[in-house]
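Accompanying notes for the structure given below.
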Amino acid sequence: MVLRRVPGWGSYFAPECEGAAALWAQGANGWSEVWSGQDTPTCATLRSRAPGMPTSIVDRCVGDAGKAEPWRPTR
């Protein structure tokens, strides 16, 4: 399992579990899951649920055209 954590953000990737992954954000009420799955998250999901997620946690997402592109935080 690969774990990444920076202040306020976290992720895991478990290749031994068929590629399961999750992204987390820490808010006023504790940690909450932003996304989980086995594919690359969509940019729209990240924009709506975690617009400030740093690229050290997630570096790419699937754009509106259905292709992977670099993730660009908006906050």
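No lab work stands behind these numbers, since they all come straight from the coordinates. Quantities reported herein were computed from a predicted structural model and do not represent experimental measurements. All Cβ positions, even for glycine, are placed from backbone atoms using ideal geometry, and neighbour counts span all protein chains on display.
So here's what we get for this one:
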quantity	calculated
Residue list for segment 5-36, filter: more than 18 Å from THR55 (Cα to Cα) and either surrounded by 11 or more Cβ atoms within 10 Å (Cβ to Cβ) or of a type in the set (Phe, Trp, Tyr) (or both)	ALA14, CYS17, GLY19, ALA20, TRP31, SER32
Residues (in contact with a Cys (Cβ under 8 Å, 6 or more places away or on another chain), loosely packed, with under 15 Cβ neighbours inside 10 Å and assigned to a loop (DSSP other than H, G, I, E, B)) located in segment 47-75	GLY63, ASP64
Every pair of residues 6+ apart whose Cβ atoms lie under 7 Å, when the first sits in segment 56-75 and is farther than 24 Å from GLY8 by Cα and free of Cβ contacts under 8 Å to residues at least 60 places away in the same chain while the second is of a type in the set (Val, Ile, Thr) and not in a loop (DSSP other than H, G, I, E, B)	ALA68/VAL62
Top-ranked residue in segment 3-46 [being outside any strand (DSSP E or B) and charged (D, E, K, R); ranked as nearest to ARG72 (Cα to Cα)]	ASP39
